Structures are given as structure tokens and as C-alpha cells.
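Below: the structure, in C-alpha cells.
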Amino acid sequence: MLLLQPLIGLFLMSHGDACEILFSPFDVVVEYGASFSVNCSSSNTTHQTGFRWGFDDTVVNSEGISATMVVTDWEMNLTCYMNSTEMECSQDLPITIYKAPDSVSIITVDHSGPMMEGEEYELQCDVLGVAPVQYLTVKWYKGQTLLNQTTFNDNIKTPVNETATLLIRPDRADDGAQYKCVAELELGEEGPPPTESAFNAEVYYKPKYSISTETIIQENHCPIQIVPWRAVVKYGDRVSADCKTSVQHQGIGWEASEGAVPMIRDKSLITWTVSELTEWDIEPYCFINCKKGDKPHQCLVKLPVTVYKTPDSVSISTVNHSGPMMEGEEYELQCDVLGVAPVQYLTVKWYKGQTLLNQPTFNQTTFNNDTIRTPVNETATLLIRPDRADDGAQYKCVAELELGAEGPQPHPTISSDPLNITVHFASEFTFCSDWSPLTETSLDSYPSSSYSVVGNPKPDISWTHRSSSVNSSTILNKHDSGRYVIIASNYGGIDSCFVNITVEYPPNLNCNGSYEVKENTPFKWPCIADGCPKPQFFLYKNGKMLQHDFHPKWNDGGLYRLTALNKHGASESSFNLNVLHAPVFYDSQDKFIVEQHSNITLECPSTGNPEPEVWWSFKNKNISTGRRHINIERATSTNAGVYTCSASNEFGRIYKSFLVEIKDDITYYILIAVVVVSALFVLIFLAVLMWKRRKSRGWYEIQHEMRPLSNGDHK
């Protein structure tokens, strides 16, 4: 880790919070001569003032977040510059320029025409005009079976010609087989499709072998049949073959270094047998003696005998290397096959898991071109360039003796013990996401589901915040929110991931004991409130919750309770609300009618906040200041009239009028006279009424002295 500290510091200088340039797409794979477009942006917009582009270290005049280029050079350096009020930083766009091959073709090296069974041939695949060659893979197929694949290590960016070869030893089953080579630029989905070329093999083979002497008749005219026509026998095992003829002869027999059969005249079938064959180069042949015309002739047919021995051992190892492999580097695997015969029938097959990678064959001869028949030791190699997907992959080599149809079926095979490889690769984040922990949580608690980092050996994880290292066991408090960098490192390399951490905590209220607010103005929470996520607030008075758009009236002062609530808890605090308002009057008597010499008290009940000043005036003259009432003792007519009370404070002034009326003596006597007259009229009215009622009932007053009525003539 000490060696990584300078690397980590350098990384932070070039990729710190201040310069976070992002490309879309994040890299470009483009064909030579084509055009491409790319956007440049940044997630850091705090002091950003703009972007501009540079091409091959020359600043492009146009400004903007987009650039469109035509590829006219094999090496292009396109740079995005981000300007801010504090600094300028830049980032180079990764560009891969490719060219598909002009042609792909297969030839047979130093050979033309049909191939002979059992002989070795070299196929050559020519790939012309391809770039970049380090991404080129040439794959060899027979039919649909992958036989081999070749990669290239040159870092040349311009088009080159490359050649890949394949050694084959065809047998009769390969007659008409199609071989093809496929040139593929492994550049992902943006790369070109593979280019291929095919070759159809024509294989010649003979059904029998013959040996001639001076008296030999050619095989096709020698009337001998050997069954089987070819013998394949394991060293030390029994072997036999029948020789028969259907023509008259003067003798038939077997010549051999072991198991020879003397000539017999009276049989048409004889058998050659060896109970334990221990001779590697035995060459038995069957012969007959006959006449051709008057001359004696002898013809013979050789029995091809293949003596084989399976390997004593097959093992796999890594050449000049031990321990883990590094991703992207090339390694050589070696397969040692000991004590195998005959080597020309040996095929070593390389597997990764169940996938066949390569299968080299062997064609060894002595100094006089005789094929080696005795056991030998052989070595086959395989070049690999492992990546991280190969970590834990299992390689093995299988030695197989392909002895043809006359040999044992299936072919004898011996497999090596598997070689499990460990591939080390640099640290890399595949994703990471933002995090909202609760206070009293450490960075070690960052959820494993919120990020993914790969690397072998397992990367060490460290944290930085504001360009300083942070101990991951440190307990976070509410002031620790911000942008953090997670750094994953192993000796293969380092990678980083940016995480926005928002430290959450329950609400906290800090209220004073009392607050002042002006009447009919919006009420803002008077307390200092804190909490993450941002809390919701609820205001109560006398147990009743108030609306958020609370506009206090002049009489809304009193004790209030404020509650702050978020998902982590609640906090509450109480305070007195003092509502400042202009003066107001309470209801009171405002009209007085009294007799002379009465005592009168005029009340002017008012309130306001702050407490208003009160003035009394009568007939446009101030008569009192600062009192809410005035007393009028023994009122007379001079005290009658309109009295005015005014109350004022810094928020306004109000007025209230009082009417005073005084009753004088004349008015009193007139009133008494009116009352007396009214009473007299009432009495008269009642008397008349009574009289009328009596008359209507027939009551008469009779005089005691009766006088005659006069007719008018007498007095």
C-alpha cells in the first residue's frame, strides 16, 4: 500500500472533484475515413463557464459541448477542455481507428494439387491491409470445429499484412474437408464483421501397400488378399492376419522377422500370427509363386503393421513462469508426452474447460527420412493471453493416437492433470451509487449492494473526501455530507468511483421563549430547525393544528407549539407569540342623556401592541392625555356635546365619539305641564264614557213635583 500512495495522489490530481469530464460515447471506435460525433460534459457545474475542443494539441476555434470529426489520420488526439472561474482542466478522448482487411486468403505452403494421406502440410492464411493489428485474431476452422487461433502483439496503428499458419496431417476422412481462416478485429459491436477465406482439401490414399523385387508383379495384378489389409497392434499384444489367393500357385507363405510361415503348396489360405509382438519395425509380407507363360514368377503383398504404445505420462506446465498470471500478458503452456509411439500418429489437443483450443500433430523422421517407430518424448506448446474471465480456468492437454479405422476405437487417449490458472487483474468498479446513511454510521457500512468492484487479488478499499484520506471506520456526523471518492487498488492498478453521501439525522428545533410578529403578515417558523431529510413542520395552539399559511390576527397571541418531523424522528418546542397591531376599541356606551348636576364617566376601552397612547378632546380642544376615561361632575348645559377619544401607536390611530346631552329646568316644567294636561284629558274622557254608558241602560232622574207640559202658548 505504501507504493500505491503516490499513484493515488496522482490520480486525484488528474481526476479530482474539480475536473470531472465525461464523454458520450465514453470511447470511440471508428473506421478510417469515416466521421464521428462526441459530446463533452461534466457533472461538476459549480464554477463551470464552458467547454472547448483541441485537436492534436491545437485548440479548435469553435466552442461547445459537441465535436464532429472526419478520420484522416491514423493517430488522432482529441481533447476536451473545461473552463471554470478557478481553473482549466482537460481530458483526452480514447479513439480506436480501424481498417478491415483488404483481403484474406489461404494457400498451401510449398505444395499444389492433392494431398497424400498421412503426410504433413502447412496452410498459410494471408491477411492484407488490416489495422490495428493488436486487435486482430486469426481463427482456423475445419468445418465448424475451431482448430487454432493466433493473436498479434504489435502496437502498429497503420495497416499491415499478417500471416498465420496451421500444420495438418490429413487422412482419408479429410478428403473434401473444408478448412477456413477467419480474420476478426475484436473491437466489440462498433468493429467490422469478420473476413474469411475457405480451402477444400483433396486427399489421395491407397487401399493397400506393396513392395516389389525383381520378380514382383504389381500389386493390382497380384492375386493375393490380406485380411486385414493393415494391422494395428499395441506393443506386446497378439497380432494375426490371413493371406489367401484364388488362383493356382506353386506355393504360398509368409516372410517375417517374427512368425514367418513356410511356403505351402496345397493351401489357398495361411495365417501369420505373433502372440506377443515386441518388434517395432516388423514388415511381414505374403507371397505366392506362380508361372507367367513359361517363366516362374513371384508376387508379394506387404502387410503394413503399426505398433503403438500409449504415453507413459502426459503433464502440463507453465514455461518460465510460476504463480498467478497477469491479465493481458502472454504465457506459454507446455505439454510433455513421454514414451509414445509411433509419434506420427500423435495429436496433442489443448482444452480450456470443454473448449478445444488447438491440436498440433507430429511428423518425426530419422536422418535418412525413415519414420521413427520407437517410443519418443514429445512436447507441445500453447500461447495464451488470459483475461479476468479466465481466472480459475482449467487447461489440460490430451495425447491422442489417431491410428485410423483399423486401430482401436475410440482412439487411445491420455489426459494430463488439469492446470488451474489464477489471473490477476487491475481493480475496476463496475458501478457505484449514492448513499444516505444515518448519523453514527461509518463508511465501512456502505452497502455491498450499492457498488461492485472487481480485481484479483481482492482490491484494498480506501476513501477520500475533499482530497484528503478518510478512515473508513470514522463515525459520520451531520456535517460530513458531500462527495466522496472510493479508491480500489491492488498491485495491478487502481480505479475510483464517486459517491454522493448525504448524512441523514432526526430533526432538531431551537426556539426562543417568545417572538413578535406584525398582524396579518405571513407567519414564518421562528425557530432554528435542522434535520435531514428536510423535516415537515406542524404548528399547534390549544391542541389545534394551524394551516401553513397562517396570518396572525391581533388577538392570536399566546402559547404555541411547533413540531418538526422526518423519517428519523420528531422534535418539538413551545414559544409565546406576541402579535404587534394597531389600536382597537372594545364595545362601550357612547351616548349619555343626563340631568343637570349629574356626574358622568366616559370610558374609552382600547388595546394595541404596543400599548397605545390615549387623548380626549372636546370642541376641538384636548382635555385629557393618557387616560382611558374622563369624569364630568355636576354636569350642566356647558358640558353637553361630542367628546372624542383617540388611541394611537406606531401601527395606527383610531377615534371614537361620545354624545352627552343635559336636561335643563324649563324643559322639566314643560314636561310636568304636559303630563298634567294629559292626565286631565284622560279623566274627562273617562267621565264622558261613564255617562254614556249609564244613559244607554235607562236610568232616569225623576222630579218629586210634576208639572203639565206646555204647548208653547203658556209660560
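Of the cross-linked pairs Lys267/Lys295; Lys180/Lys349; Lys234/Lys291; Lys142/Lys458; Lys518/Lys656; Lys180/Lys302, which ones have a Cα-Cα span greater than 29 Å in the structure shown?
Values: Lys267/Lys295 22 Å; Lys180/Lys349 19 Å; Lys234/Lys291 39 Å; Lys142/Lys458 41 Å; Lys518/Lys656 24 Å; Lys180/Lys302 38 Å.
From the list (Lys267/Lys295; Lys180/Lys349; Lys234/Lys291; Lys142/Lys458; Lys518/Lys656; Lys180/Lys302), the Cα-Cα distance tops 29 Å for Lys234/Lys291; Lys142/Lys458; Lys180/Lys302.
Would you work out the charge dipole size for the chain about its Cα centre, treating the Cβ of every Lys and Arg as +1 and the Cβ of every Asp and Glu as -1, and quote it to the nearest 20 debye? Please report the intermediate quantities before stating the final value.
Details: 55 positive and 85 negative charges, 1230 e Å.
Here the chain has a charge dipole of around 5900 debye.
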For the stretch 103-204, max minus min Cα coordinate along each principal axis, in Å, sorted largest first? 44, 26, 19
If Rh is defined by the Kirkwood formula over all Cα pairs and Rg also comes from Cα, what ratio Rg/Rh do you get for the chain? 1.53
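Please compute the length gained on full extension between Asn510 and Ser90, using 0.36 nm multiplied by the number of residues separating them and subtracting their Cα-Cα distance. All intermediate terms of the calculation are to be shown ahead of the outcome.
Working: separation 420, 0.36 × 420 = 151.20 nm, distance 4.66 nm.
Here the segment from Asn510 to Ser90 would lengthen by 146.5 nm.
Based on the Cβ-Cβ distance of Val319 and Met76, what FRET efficiency does E = 1/(1 + (r/R0)^6) give at R0 = 35 Å, to the nearest 0.05? Don't jump to the answer; show the numbers that get you there.
Numbers: r = 39 Å, r/R0 = 1.11.
Efficiency at R0 = 35 Å is approximately 0.35.
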Label-to-label distance, nm, for residues given as Ile528 and Asp27 (7 Å Cα→Cβ offset): 5.3 nm
Which one of Thr355, Tyr98, Asn555 is farthest out on the positive end of the charge dipole of the chain, using unit charges on Cβ (Lys, Arg +1; Asp, Glu -1) and the Cα centre as origin? Asn555
Determine the sum of side-chain charges near Pro408: Lys and Arg each +1, Asp and Glu each -1, restricted to other residues whose C-beta is under 12 angstrom from that of Pro408. -3
So if each residue of separation counts as 0.36 nm, and I subtract the Cα-Cα distance between Val675 and Gln124, what length gain in nm does that give? 183.3 nm
Measuring from label point to label point, each 7 Å out along Cα→Cβ, what is the Ser415 to Thr371 span in nm? 2.9 nm
Enter the angle in degrees (range 0 to 90, nearest 10) between the Cα long axis of helix 4-15 and the first principal axis of the Cα atoms of the chain, meaning the one along which they spread out most. 60 degrees
Farthest toward the dipole's positive end in the chain, which of Thr474, Tyr32, Ser112, given Cβ charges of +1 (Lys, Arg) and -1 (Asp, Glu) about the Cα centre? Thr474
Span per principal axis, largest first, for the Cα atoms of the stretch 83-155 (Å): 78, 23, 20
Looking only at aspartates and glutamates whose Cα falls under 20 Å of Lys663's and that sit 8 or more positions away or on another chain, we get Asp590, Glu595, Glu633
Taking the 0 to 90 degree range and rounding to the nearest ten, how far is the long axis of helix 665-695 tilted relative to the main principal axis of the chain, both from C-alpha atoms? 80 degrees
Shape descriptors of the stretch 146-191 over alpha-carbon atoms, Rg and Dmax in angstrom, are 14.9, 44
Across bins of 10 angstrom width beginning at 0, how are the C-alpha pair distances of the stretch 424-477 distributed, in whole percent? 21, 50, 27, 3
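Tell me, in nm to one decimal, what length is gained between Ala173 and His597 on full extension, where the rule is 0.36 nm per residue of separation less the Cα-Cα distance? Let's see the in-between values first.
Values: separation 424, 0.36 × 424 = 152.64 nm, distance 14.94 nm.
Separation in residues times 0.36 nm, less the Cα-Cα distance, equals 137.7 nm.
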Starting with the highest mean, order 115-126, 511-522 by the number of other Cβ atoms within 10 Å, averaged over the residues of each peptide. 115-126, 511-522
Given the DSSP H assignment, sum -39500 (n - 2.57) over each helix run of at least 4 residues in the chain and divide by its residue total; what's the result at 222 nm in deg cm²/dmol, nearest 500? -2000 deg cm²/dmol
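Here, each number is a calculation from the coordinates, and none is a lab measurement. Just so you know, these numbers come straight off a predicted model, no measurement behind them. No Cβ is skipped: glycine too gets one built from the backbone with ideal geometry, and neighbour counts run over all protein chains shown.
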